[in-house]
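Novice: Submitted below is the structure of interest, expressed as structure tokens.
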Amino acid sequence: MTDLIRAARHLPARAPVATLSVAPLHIRVPGRPRPLALRVTLPVPTLPVPEGGSDPLPVVLLSHGHGPSLYLSSLDGYAPLAGFLAGQGFAVIQPTHASSRAGGLGADAPGAPLFWRMRVAEMTAILDRLDEIAAMIPGAPPQLDRDRIAAIGHSMGGQTVGMLLGARLTDPTDPAAQDVGLIEPRIRAGVLLAAPGRGGDALSAHAAAAWPALNPDFSHMTTPSLVVCGDRDDNPHLTTMGPAWHADPFHLSPGARALLTLAGAGHGLGGIAGYDAKETDDEDPDRLEATRRLTAAWLRSTLDPNDPVWDQAVAALRAHAPGLGRVEGR
């Protein structure tokens, strides 16, 4: 354990295991002119395979943001988060969304620049093709647990995942995009990391003109969810509401069960997108470790109600690491 991880060491986590990352893998997506590129990161399989086979792995779909760095908004980003979750026993699947500048569809393609519909379609296609994706991994194809599927999204990825969890969207400039619902019932748990809040008068004048589709309705977001935000994540080019804007998915949705507010955190939440990167406006190993451990704990307990690790993590945060942040639940 590095000396830079101080308070977060008190938060529970499994002993990490070695991981395997495979990329690029490609699948077809209906309506997408080019195949979707993926990375899969998962625990190295135990050899020899135990009699009766290995336990199936819970699946996490990880949706990247729309940040300034070229490759972090693609399958090549978010290694600090994806690698950690895989080391905790999850199979993590990362698409390079249509909005990516590295491998996306381009700024002139229909739906640019946010590609909000296509991003959701890409995530749904991954679920439709899990067997195909597993078969592409060298060696024995991993067993993926269809009953334990979660989705995580950071920034614009949070809006993508929010729609998969039930949030609806109305683009005031598009008559064909009114109260659009794209919930994905195969996803049993979600985590929104520094996700956009509500639209309307909460948007800055610039955002309302440039990105009118930043207008989610969280009242239909019913899938159990954790919302994570930083108390210094102030984006005046997007919102007039300050850091509290990113807590809207918790306060305005019936499915959000917990809000984690990280002290001192900006949009990078300590460094989830990458180390030494533009997106990491608040690089801090202790904060990053807290984000990773608490996210993993939430997923474990939500996908397996018999696992008490989330309650243990919240208690540890309050007792031993209150300076890292606070959790509000309901």
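The values are calculated or read from the model by the stated rules, or taken from the named source; none is laboratory data. Since we're looking at a predicted model, the values are computed, not measured. Positions of Cβ are generated from backbone atoms using ideal geometry, with glycine treated the same way; all protein chains shown enter the neighbour counts. The protein model used for the area step is the full one, side chains on, heavy atoms only, and it has no ligands, DNA or RNA in it. Shrake-Rupley method; radii C 1.70, N 1.55, O 1.52, S 1.80 Å.
Novice: Looking only at the range 286-314, how many residues end up being more than 10 Å from residue 11 (Cβ to Cβ) and either open to solvent by 10 Å² or more (accessible area, probe 1.4 Å) or in contact with a helix residue (DSSP H, G or I) (Cβ under 7 Å, 6 or more places away or on another chain) (or both)?
Specialist: 15
Novice: Could you check the range 216-235 and list, in sequence order, the residues that are of a type outside the set (Gly, Ala, Ser) and touching a Gly at 6+ places or on another chain (Cβ under 8 Å)?
Specialist: If we filter the range 216-235 for residues that are of a type outside the set (Gly, Ala, Ser), which is where we start, we get 216-218, 220-224, 226-229, 231-235.
Result: 216, 218, 220, 221, 222, 223, 224, 226, 231, 232, 233, 234.
Novice: Let me ask you something else. Just the residues that are open to solvent by 20 Å² or more (accessible area, probe 1.4 Å) and either without any contact (Cβ under 8 Å) to a residue 12 or more places away in the chain or on the phi > 0 side of the Ramachandran plot (or both), please, taken from the range 175-203.
Specialist: Once the filter is applied, which keeps residues that are open to solvent by 20 Å² or more (accessible area, probe 1.4 Å) and either without any contact (Cβ under 8 Å) to a residue 12 or more places away in the chain or on the phi > 0 side of the Ramachandran plot (or both), the range 175-203 yields 175, 176, 178, 179, 185, 200.
Novice: Being over 20 Å from residue 60 (Cβ atoms) and under 15 Å from the mean Cα position of the chain (by Cα) is true for just one of 246, 251. Which residue is that?
Specialist: Every option except 246 fails the conditions.
Novice: Test residue 54 against the criterion of being part of a loop (DSSP other than H, G, I, E, B), open to solvent by less than 30 Å² (accessible area, probe 1.4 Å) and either under 24 Å from residue 267 (Cα atoms) or out of contact with any Gly (no Cβ under 8 Å at 6 or more places or on another chain) (or both), and give yes or no.
Specialist: Taking the combined requirement at face value, the residue does not satisfy it.
Novice: Any residue that is more than 23 Å from residue 272 (Cβ to Cβ) and among the acidic types (Asp, Glu) - is there at least one of those in the range 180-200?
Specialist: The answer is no; no qualifying residue exists.
Novice: State yes or no: is residue 162 at positive phi and at pLDDT 95 or above?
Specialist: Against the criterion (at positive phi and at pLDDT 95 or above), residue 162 does not qualify.
Novice: Among residues belonging to the range 230-251 that are in contact with a helix residue (DSSP H, G or I) (Cβ under 7 Å, 6 or more places away or on another chain) and more than 19 Å from residue 215 (Cβ to Cβ), point out the one that is surrounded by the most Cβ atoms within 10 Å (Cβ to Cβ).
Specialist: 230
Novice: Inside the range 150-174, can you point out the residues that are buried (at least 24 other Cβ atoms within 10 Å of the Cβ) and among the aliphatic types (A, V, I, L, M)?
Specialist: Answer for the range 150-174, where residues must be buried (at least 24 other Cβ atoms within 10 Å of the Cβ) and among the aliphatic types (A, V, I, L, M): 150, 151, 152, 156, 161, 163, 164, 165, 167.
Novice: Would you pick out the residues in the range 121-149 that are closer than 19 Å to residue 104 by Cβ and open to solvent by less than 10 Å² (accessible area, probe 1.4 Å)? Talk me through it step by step, then tell me what you get.
Specialist: Start the filter on the range 121-149 by keeping residues that are closer than 19 Å to residue 104 by Cβ, which leaves 121-126.
Across the range 121-149, the qualifying residues are 122, 123, 125, 126.
Novice: Now, a different point. Limited to the range 262-279, what total is found for residues that are open to solvent by 10 Å² or more (accessible area, probe 1.4 Å) and out of contact with any His (no Cβ under 9 Å at 6 or more places or on another chain)?
Specialist: 6
Novice: A further question follows. Tell me, which helices (runs of 4 or more DSSP H) wholly within the range 83-171 include 1 or more residues that are without any contact (Cβ under 8 Å) to a residue 12 or more places away in the chain?
Specialist: Values: elements: 116-128, 130-135, 156-164.
Result: 116-128, 130-135.
Novice: Could I ask something else about it? Return the pair list, or none, for Cβ contacts closer than 6 Å from residues in the range 284-295 that are over 12 Å from residue 4 (Cα atoms) and free of Cβ contacts under 8 Å to residues at least 60 places away in the same chain to residues that are surrounded by 24 or more Cβ atoms within 10 Å (Cβ to Cβ) and among the basic types (Lys, Arg), at least 6 apart or on different chains.
Specialist: Correct list of pairs: empty, since none qualify.
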